[in-house]
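Structure first, commentary second.
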Amino acid sequence: MAVLCVDAGTTMVKAVMFDDEGSELRVVRQETQVRRRAPGFSEQDMYGVWDAVVYTVRSIVHASPEPVRMLAFTGQGDGCWLVGPDGRPTGPAILWNDGRAADVIDRWEAGGVLDDVFRINGNYGFAGTSGAILAWLRDNDRERLDASHKALYCGGWLFLRLTGEYAAEESDAASPFLDIRTHAYSPEILDLLGLPWAERLLPGVRGDGDRIGQLQPLAAAELRLPAGLPVVMAPFDIPATALGIGAVAPGQACTILGTTLSTGIPVAEVDTSGPPAGMTLPSGVPGGYLRSLAAMAGVEAIGWGMKLIGLDKPNWISDLAQTTDPGAGGLFFHPYLSPAGERAPFRDARARGSMSGLTFEHTRSHIARAMLEGMSYVVRECLEFSGTRPTELRITGGGANSDFWCRLLADITGVPTSRSADSEIGAKGAFITALVASGAEPSVQAAVKRHVVPRDVFEPDEQRSALYDELYGDFLALRDGARNDWGRLAVSRARHRPPGPVAEEDPGSAVLA
């Protein structure tokens, strides 16, 4: 028998059939659309995401003779997926990379609220968290808020469609309302944020020991699966990916080169005493946590750069980058391209990207290399901010298809990087969660040891690493100098912004090869 796993990412829904040994029998993918109908907005049609899940699952079931014994899933985190008393959406999902609530976050930051919340839950707020979005809705769309019964996350929306139950997986609920030590909603946080009225919208928290529901008849008919099938709610995609790639113990780390550029470090204990930044999440390992520093712009920046310099195939940017020397001829790329600014390892809604040092001597090759180096510097900064020195960095996401980028990350971080033999790591994390939740495996560690197979390892080059140590210092210095201009740029944008909605062109994501 097989386990069917779904990973509902921001721009792609993937369904994977795993056999009992954890091998991928079949993978089906379906793109989803992110809509940007106004400056700073990032939304998805909730039924569109569900339709993509239905399509991928049915495609797997139709083509596979293997009977399914469990359905497990993970999905994008943060954001706000509001539903009414009938379980129907009251509007589009407001995503994690939405920036409309930037002013709310700025107000909370200026008042010290974000720092106070971080000391309770280890999560530093940004505009795409549900708390900031709910506060914005109260001021700007009270009608929708009043019509809503529950504020879900992507995983909660899928669990509702699959089982008919309202729930928030504890890694989703962690930001911003959870007391990270008790794994329960914190009345103190609600009061700090001025959101005690939002308590009615919060679904019950579910985690280890309470992950399994049953597939309801209507969903079963849509998916072509038997009613009553066990449905396992895994952690959201960032901790699920850490599980799926086997980064489950202190000393390990993982980076997702995906829609978000997310670096996670497993930790055994919660520490909220340091500088506030990033997220502290229940990891899916009982008693364990993941210190996650997720930058706003990932391979979407690669897709944007490819269009900018006229590249049609994702691997071409790596091919170009390899034709020039480390340092890209003095070019530095700061990849803060999200309209919502940046959230890790620092938070600034005004953050904007830049390419510094351009002259007539530079070519597309220099630009390509500078982009990949700039994003790799961000990974290094996140690792250093975490205060840990990992012995290995496990890489996944579309960008991990590039051998060059994997080697570059090893050189820039000074840490050996490795990849898994699996193609869909988030879905593999859901698979591992399902095995442990159902009792098929005694522990996460045992499941990882048996089912996570490394593909290859890239060792850092000592000479290149020494050069990148110097260049990394230049990257930070130039970034810190540019930060003084971000406020002026924000004022200029507001002054000269054209009326009406923004174009809904999706810059797309890149899957390097």
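Across segment 183-224, what is the total count of residues that are surrounded by fewer than 18 Cβ atoms within 10 Å (Cβ to Cβ), hydrophobic (A, V, I, L, M, F, W, C) and touching a strand residue (DSSP E or B) at 6+ places or on another chain (Cβ under 8 Å)?
Selection size over segment 183-224: 2.
Taking segment 386-429, which residues are among the acidic types (Asp, Glu) and in contact with a Phe, Trp or Tyr (Cβ under 6 Å, 6 or more places away or on another chain)?
Asp411
Go through segment 119-144 and give me each residue that's over 20 Å from Asn97 (Cα atoms) and crowded, with 22+ Cβ neighbours inside 10 Å.
The one that is over 20 Å from Asn97 (Cα atoms) and crowded, with 22+ Cβ neighbours inside 10 Å: Asn121.
Look through Ala253, Ala240, Ala227, Ala221 and report the one residue that is over 20 Å from Ile60 (Cβ atoms) and either free of Cβ contacts under 8 Å to residues at least 12 places away in the same chain or touching a helix residue (DSSP H, G or I) at 6+ places or on another chain (Cβ under 9 Å) (or both).
Ala253
If you go through segment 200-216 one residue at a time, how many are free of Cβ contacts under 8 Å to residues at least 24 places away in the same chain and over 25 Å from the mean Cα position of the chain (by Cα)?
The total comes to 1.
Which residue pairs have Cβ atoms under 6 Å apart, sit 6 or more places apart or on different chains, and have a first residue in segment 177-191 that is more than 13 Å from Leu202 (Cα to Cα) and in the same structural domain as Tyr124 (by TED's automatic domain parsing) and a second that is surrounded by 18 or more Cβ atoms within 10 Å (Cβ to Cβ) and of a type in the set (Gly, Ala, Ser)?
So the pair list comes out as Asp179/Ser186; Ile180/Gly122.
In segment 328-353, which residue that is buried (at least 20 other Cβ atoms within 10 Å of the Cβ) and not in a loop (DSSP other than H, G, I, E, B) is farthest from the chain's Cα centre (by Cα)?
Step by step, filter segment 328-353, then rank; the result is Ala328.
The values are calculated or read from the model by the stated rules, or taken from the named source; none is laboratory data. Since the model is a prediction, treat every value here as computed from it, not as a measurement. Reconstructed Cβ throughout: ideal geometry from the backbone, glycine too, with neighbour counts over all protein chains shown.
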